[in-house]
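Heads up: the structure comes next, in C-alpha cells.
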Amino acid sequence: MALVVRVGNARAEWWREKLQGLLPDVDCRDWETPGDKADVEYAVVWKPPPGGLKTFPNLKCVVSMGAGIDHVLVDPELPKHLPIIRTVGDDLRQRMREYVALHVLRHHRRLPDIQAAQQRKAWDQIITPPAPERHVAVLGLGNMGAEVARTLSGIGFAVHGWSRRPKNLNGIVCHHGEAGLAELLPLSEILVCLLPLTPATEGVLNKDLFARLPEGAAVINVGRGGHLVEEDLIPALDSGQLSGATLDVLHQEPPPEDHPFWTHPKVLLTPHIASLIDPEAGAKVIAENIRRFRAGQPVPDLVDLEQGY
C-alpha cells in the first residue's frame, strides 16, 4: 500500500520523509514519481493539478495539507466518491491566533498611520480607544474562527462572530444567518474573514458588504482569495469607507507584478503565511488521521462534502 505527496515546491521531500517516518508500513512516494499508480491508496496534497487524482485507480482517501479543501474540490474531474480529510491541529490554530491578533492590533492601534507620521518626521500622538470599546467581527466560527474569536476576546476586544447556524461561545456575541449578518456588519470596525470557501461565500467581501460597515473599518482576509471581489477593494479604500486591508490570500498567488495591491498604501499583503503548515507539526496530524481512517475509527477532520467543509 502506498501514499503520494504533492506539495509542488522544495518542501515535498521534507513532507515525504516525515510521513514515511510516522507511517513505516506505508510506502510514501512523491507525486511526480509515484511508481505503479495502482498501489496508491492515499494522496496527501496541496493544489493537485486538475485530473491528477483520478489517475490513481485505487485511491481511498484524499488528505488536504491545510484546513481548506477548495483547492481539491476545484478539480472538475475529482472522483466524487472520495472522502477528504482536512488538516487542522494545535500548531495551525496557534499560528492563526498569532497572525490575526497581530493584524487586528495593527489596525486597532493605527500602526500604519504612526509609520506614515514617522516618514514625515511628525510626532503625532494618535489616540485610540481601549480594546473593550473596539468591535471586532469574525466571519466563520468553525475550528479556526472560534479559536481566533476567543483569542481576541481574551485581549479585551468586544468580539462578535457570525456563522450560518447558531453558535454559542463564551465571551463572544454570536450572530447567524442573513438577519445576523445584517445586525453584525454595522458594528464591525475590524472585520476578519475566516469563512470556508463555498459557492455561498464566494465573493462575500464585496462593495455591498463594505458599504454596510462603519466608515473607516478595516478588513482582514485569512480565508481564501475567492472571498474577496478584488476590484471592489481599492475604491472602498480610496473613498475612506475602509481605512485599510490586510490580505493573506488572493485569487492568484503571488499576484502579477502589475497588480495594484502590491503598491497601494492601505493594503498589506502577506504571502499566505497566516497558518502555514510545516511537516514537523502537520505530518503528525496527517499520519494520525490516516491511521484512524485505515482502522475505521472516527476522523474528526473528515469533511462533510454536502456542506463543502
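A quick yes/no check of all residues on (1) of a type outside the set (Asp, Glu); (2) in contact with an Asp or Glu (Cβ under 6 Å, 6 or more places away or on another chain); (3) in the same structural domain as residue 97 (by TED's automatic domain parsing):
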| site | (1), (2), (3) |
| --- | --- |
| 201 | yes, no, yes |
| 216 | yes, no, yes |
| 219 | yes, no, yes |
| 222 | yes, yes, yes |
| 231 | no, no, yes |
| 242 | yes, no, yes |
| 246 | yes, no, yes |
| 251 | yes, no, yes |
| 256 | yes, no, yes |
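Every test in (1) surrounded by 13 or more Cβ atoms within 10 Å (Cβ to Cβ); (2) farther than 30 Å from residue 148 by Cα; (3) out of contact with any helix residue (DSSP H, G or I) (no Cβ under 8 Å at 6 or more places or on another chain) is passed by residue 37 save one, and that test is (3). Of all residues in the stretch 51-74, at least one satisfies being in contact with a His (Cβ under 8 Å, 6 or more places away or on another chain) and closer than 23 Å to residue 197 by Cβ. Before we move on, is residue 208 assigned by TED's automatic domain parsing to the domain that holds residue 138, acidic (Asp, Glu), in contact with a helix residue (DSSP H, G or I) (Cβ under 9 Å, 6 or more places away or on another chain) and not in a strand (DSSP E or B)? It is true that residue 208 is assigned by TED's automatic domain parsing to the domain that holds residue 138, acidic (Asp, Glu), in contact with a helix residue (DSSP H, G or I) (Cβ under 9 Å, 6 or more places away or on another chain) and not in a strand (DSSP E or B).
When the stretch 30-50 is filtered for residues that are more than 26 Å from the chain's Cα centre (by Cα) and part of a strand (DSSP E or B), the ones remaining, listed by number, are 33, 40, 41.
Filtered by the rule that a residue be outside any loop (DSSP other than H, G, I, E, B) and either surrounded by 17 or more Cβ atoms within 10 Å (Cβ to Cβ) or in contact (Cβ under 8 Å) with a residue 40 or more places away in the chain (or both), the stretch 51-69 gives 53, 61, 62, 63, 64. Within this structure, residue 287 fails the test of being touching a Leu at 6+ places or on another chain (Cβ under 8 Å), aliphatic (A, V, I, L, M), over 18 Å from residue 62 (Cα atoms) and not assigned by TED's automatic domain parsing to the domain that holds residue 100. Looking across 133, 41, one residue alone is acidic (Asp, Glu) and within 29 Å of residue 292 (Cβ to Cβ). It is 41.
Sub-7 Å Cβ pairs linking a first residue in the stretch 5-34 that is over 13 Å from residue 290 (Cβ atoms) to a second residue that is acidic (Asp, Glu) and not in a helix (DSSP H, G or I), at least 6 apart or interchain, are 12/30; 16/30, ordered by first then second residue.
For every residue, the table says whether it meets (1) surrounded by 13 or more Cβ atoms within 10 Å (Cβ to Cβ); (2) not in a strand (DSSP E or B).
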| residue | (1), (2) |
| --- | --- |
| 3 | yes, no |
| 17 | yes, yes |
| 21 | no, yes |
| 28 | yes, no |
| 71 | yes, yes |
| 75 | yes, yes |
| 88 | yes, yes |
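Within the stretch 197-242, restricting attention to residues that are at pLDDT below 95 and among the hydrophobic types (A, V, I, L, M, F, W, C), the residue that is farthest from residue 266 (Cα to Cα) is 200. Among the residues of the stretch 127-137, some residue qualifies, meaning at least one is free of Cβ contacts under 8 Å to residues at least 60 places away in the same chain and polar (S, T, N, Q).
The values are calculated or read from the model by the stated rules, or taken from the named source; none is laboratory data. Nothing here was measured: the structure is a model prediction, and the numbers come from that model. Please note: Cβ atoms are built from the backbone with ideal geometry, for glycine as well, and neighbour counts cover all protein chains shown.
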